[in-house]
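For reference, the structure is listed below as structure tokens.
The values are calculated or read from the model by the stated rules, or taken from the named source; none is laboratory data. Here the structure is a predicted model, which is why all the values come from computation and not from measurement. FYI the Cβ positions are ideal-geometry reconstructions off the backbone, even for glycines, and counts take in every protein chain you see. Side chains are part of the model used for accessible areas, which takes the heavy atoms of the whole protein and leaves out ligands, DNA and RNA. Shrake-Rupley method; radii C 1.70, N 1.55, O 1.52, S 1.80 Å.
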Amino acid sequence: MFYGCRVNEHERRLAQVVEGILASYREHGNINHLDGSNLPARSEVSELLDDLVSVVFPGYFNGEQLDGLTSRYFVGARCARILRRMEMVTGRALAVHQCQEQAQTSEVIAVRAHEHALELLQAIPQIRERIASDVKAAFVGDPAACSDAEIIMSYPGVAAIAVHRIAHYLYSQRVPLLPRMMSELVHSRTGIDLHPGATIGHSFFVDHGTGVVVGETSKIGNRVKLYQGVTLGAHSVKGRDKSAAPVQRHPTIEDDVTVYAGATILGGDTVIGRGSTIGGNVWLTRSVPAGTTVVLDTPSLRFFSLGDRQP
Amino acid sequence: MFYGCRVNEHERRLAQVVEGILASYREHGNINHLDGSNLPARSEVSELLDDLVSVVFPGYFNGEQLDGLTSRYFVGARCARILRRMEMVTGRALAVHQCQEQAQTSEVIAVRAHEHALELLQAIPQIRERIASDVKAAFVGDPAACSDAEIIMSYPGVAAIAVHRIAHYLYSQRVPLLPRMMSELVHSRTGIDLHPGATIGHSFFVDHGTGVVVGETSKIGNRVKLYQGVTLGAHSVKGRDKSAAPVQRHPTIEDDVTVYAGATILGGDTVIGRGSTIGGNVWLTRSVPAGTTVVLDTPSLRFFSLGDRQP
Amino acid sequence: MFYGCRVNEHERRLAQVVEGILASYREHGNINHLDGSNLPARSEVSELLDDLVSVVFPGYFNGEQLDGLTSRYFVGARCARILRRMEMVTGRALAVHQCQEQAQTSEVIAVRAHEHALELLQAIPQIRERIASDVKAAFVGDPAACSDAEIIMSYPGVAAIAVHRIAHYLYSQRVPLLPRMMSELVHSRTGIDLHPGATIGHSFFVDHGTGVVVGETSKIGNRVKLYQGVTLGAHSVKGRDKSAAPVQRHPTIEDDVTVYAGATILGGDTVIGRGSTIGGNVWLTRSVPAGTTVVLDTPSLRFFSLGDRQP
């Protein structure tokens, strides 16, 4: 379509473009990663997570038939693969000195990555115990649920808490970068944003879930149920010193609390007492004692019928 | 990196890990699927859905040029592939006895899966008729819309209702597991959660859509428009008997109703009369007659200027 | 499984299905694209966007190690690929006469597509400058953020604004279809819906982000921060003449404004003065002067303790 001297003109313009972009790399260095080290790739973390989920829910997500005889070999093969993948991505995450002060030799990093990988595998039974309670809570909590298979294979709230249980374990072991990447992978898929730092008791159920946000220092008890659009958030903190010891910025939700759609609960001093019910769209920035029900005051609506002038 | 006796030590620890996970499979059986049968894989349902969508919107999503001459062969080839894929995933879904009482022979299951597959293909013209009305409603309803192509290829609300029309048909034919998996695939992609059980009239439009939840027993009339964050939900039902006949737990929305962003309408007895307008963030748990406008009472805001003390 | 005359019966039914679908194509033409031209495929736009993002954030998303020596060749190769991909998808978008009146020859379209592609590459340094300010804003604005790497690789708000900066550039150059497809790709992944038409100043940060909607004609100043579920929307416009000159239908947000979760700000005449703070769940349809804080009136809640009768 373009011939002769036009081709050279095109070459020249493209070369200029490349030089312009390279100049921009020198000018705005905070969004480059040009130190020659590898970062954990999103696709690698995604594959690792798929492997972990296939071991947590055997027979559901691995694409193979499993039974009592074959499951040992399946688990063995997957654990071996998880070990190697974890070593690799954890090693890369450790190497970028995520939130860390001093550099470490590649030997030291490799040993630490291996230990983190093995510890995660060792933790799978306790992680599964929690997740088994979450699936039961979903079955009990949703009238539309008709089988464990349906819940495990299609409920976004179950996908989100399952990944959270894994990511929170890695967060508690101080593995950098990886927990948040895992959380965001499932946030992207479900619209449910559970920060890996949040502490969540057993039998947790998020119904529908799109728009749920649970902040880093939230503490959630047992048998808590959240609906779509619920925020457990912080008051705005301007200019926090990131090197200071973390304080609790997000609420405490005690056992057996239900929070309905769109409710917002804010602040590290806010405690929702056990057995409380927080109604839809409620905005709450202070504690309530055990057994409290909080609802929006209904007279805040105005009704106009067809004959009236509308606002 | 690790040599000699360390290797054996590593082998020993990995073997322990595997045994620990297998013990956990015995202990928490509700999240296993170890009976040797295959489940419909998420990826298979996703591919089936892509095929269905490519036949519903010919020329938009199939990656090939289509015209009057070639479309017959395209449709023939896709229908044949849909038939076989539907037979496979439906057969698997039927085999896991989803919500069913008695086991069936694989012969019976295969015949039923084939019938479901063929019936779905036969229903495509009527499904397309509905979807054509939805695309028209999007074009009329959104000032920013500038062509059918833009709407079909990029509007999440159109993707969600198109998949819903398919999933609702399968739900009405009592195909297990598959309808909900389809709904959750598009929920994951769009943030719009339309339960396959919901009955939705023609010319339905969801604008933006993230956070929309429409419950299983909702009944929605013609020319209804919902904005992002709208919930058509149920009052909490504790311990419902899942074997009991389903009652209507979600609202009825009559023809020509518009519901603005963030509004929540709850309860199986709640009827929003035709032509009504429900304002943003409204929380409604009772019926309103035809032609009603409901808005939030505005004085519920407080304003502080720079000189004031802030709360 | 089926033999003899049953096979013919099956063939006959499948042939009927195909004819039924073809008849439906003739009847409901608004959801067909059967004119023999190719549309830009979602997957192609997605790959193009991945390439663009890998050049904007070098070393983060390309899956290769980059350093000072290798980055020139990486950028050169990617720019060449982006050029060709942009030419192809832009050419297809121009060819479907998106929002245009008169047909153009394929020669003219190819020249225009090439110019659009080159201009986008030339704009990357200025796009990067904006995105570098956005990443800084995220680091300052989120107490949980612990490194640029974490922000760039996992924050949905950063992914959304980075794609918006690219899509908005294409929108401002009047490239059809492509900007909205890009916006919807990242909306699908993040739940953040920034219309490519919206004008957004530097140092923009969306925290968490699920459910955020920013309309086509919004004007946003510098250092603005939005939380999840914020809507900058339009009053409903019925039957707008699409060929008329666009008026501002969405709000103006001046510099240094923070809008908390779930707030809704509507209307093209609404101006939020600089330095203002809009509280969570606030519903605002009129302007406020600079330095205003708007919060929900708290007494709109009712509390019931365990002994009380609940509503």
When B:D148 is run through (1) in contact with an Asp or Glu (Cβ under 6 Å, 6 or more places away or on another chain); (2) open to solvent by 20 Å² or more (accessible area, probe 1.4 Å); (3) of a type outside the set (K, R), the failure sits at (1)
Per the filter on the stretch B:285-307, residues within 11 Å of chain A (Cβ to nearest Cβ) and modelled with pLDDT of 70 or more are B:T285, B:R286, B:V288, B:P289, B:A290, B:G291, B:T292, B:T293, B:V294, B:V295, B:L296, B:D297
Counted residues in the stretch B:20-30 being open to solvent by 40 Å² or more (accessible area, probe 1.4 Å) and under 31 Å from the mean Cα position of the chain (by Cα) come to 1
Query raised in the report: Scanning for something within 16 Å of the chain's Cα centre (by Cα), at positive phi and within 8 Å of another protein chain (Cβ to nearest Cβ), does the stretch A:162-177 turn up at least one residue?
Result: yes
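Residue-wise test of (1) over 24 Å from C:A290 (Cα atoms); (2) open to solvent by 10 Å² or more (accessible area, probe 1.4 Å).
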| site | (1), (2) |
| --- | --- |
| C:L185 | yes, yes |
| C:V206 | no, no |
| C:G209 | yes, no |
| C:V212 | no, no |
Over the stretch B:62-79, the set of residues out of contact with any helix residue (DSSP H, G or I) (no Cβ under 7 Å at 6 or more places or on another chain) and part of a helix (DSSP H, G or I) is B:Y73, B:F74, B:A77
Residues in the stretch B:85-99 that are open to solvent by less than 20 Å² (accessible area, probe 1.4 Å) and either at pLDDT 90 or above or away from chain A (no Cβ under 14 Å) (or both) total 6
All-but-one check, C:H33 against (1) within 23 Å of the chain's Cα centre (by Cα); (2) at the interface with another protein chain (Cβ under 7 Å from one of its Cβ atoms), failing number (1)
Among residues of the stretch B:36-59 being among the polar types (S, T, N, Q) and under 24 Å from the mean Cα position of the chain (by Cα), the residue surrounded by the fewest Cβ atoms within 10 Å (Cβ to Cβ) is B:S43
Residue hits (the stretch A:207-225; under 13 Å from the mean Cα position of the chain (by Cα) and of a type in the set (D, E, K, R)) are A:E216
Flagged pairs (Cβ under 6 angstrom, 6 or more apart or on separate chains; first in the stretch C:104-120, farther than 19 Å from A:R12 by Cα and small (G, A, S); second outside any helix (DSSP H, G or I) and modelled with pLDDT under 95) are C:A110/A:M1
Pairs returned, first residue in the stretch C:45-67 that is closer than 20 Å to C:S147 by Cα, second residue that is assigned to a loop (DSSP other than H, G, I, E, B) and aromatic (F, W, Y), beta-carbon separation under 9 angstrom, 6 or more apart or interchain, are C:V53/C:Y60; C:V53/C:F61; C:S54/C:Y60; C:S54/C:F61
Every listed condition ((1) out of contact with any Gly (no Cβ under 8 Å at 6 or more places or on another chain); (2) aliphatic (A, V, I, L, M); (3) modelled with pLDDT under 95) holds for B:I200 save (3)
Only one of (1) over 17 Å from C:V53 (Cα atoms); (2) touching a helix residue (DSSP H, G or I) at 6+ places or on another chain (Cβ under 9 Å); (3) β-branched (V, I, T) does not apply to C:T231, and that is (2)
Across the stretch B:100-111, the tally of residues that are in contact with a helix residue (DSSP H, G or I) (Cβ under 9 Å, 6 or more places away or on another chain), at the interface with chain C (Cβ under 8 Å from one of its Cβ atoms) and open to solvent by 50 Å² or more (accessible area, probe 1.4 Å) stands at 0
Scanning the stretch B:112-142 residue by residue, those at the interface with chain C (Cβ under 8 Å from one of its Cβ atoms), at pLDDT 95 or above and either open to solvent by 20 Å² or more (accessible area, probe 1.4 Å) or over 18 Å from B:L83 (Cβ atoms) (or both) turn out to be B:Q122, B:P125, B:E129, B:I131, B:A132, B:V135, B:K136
Residue hits (the stretch C:36-61; within 8 Å of chain B (Cβ to nearest Cβ) and part of a helix (DSSP H, G or I)) are C:R42, C:S43
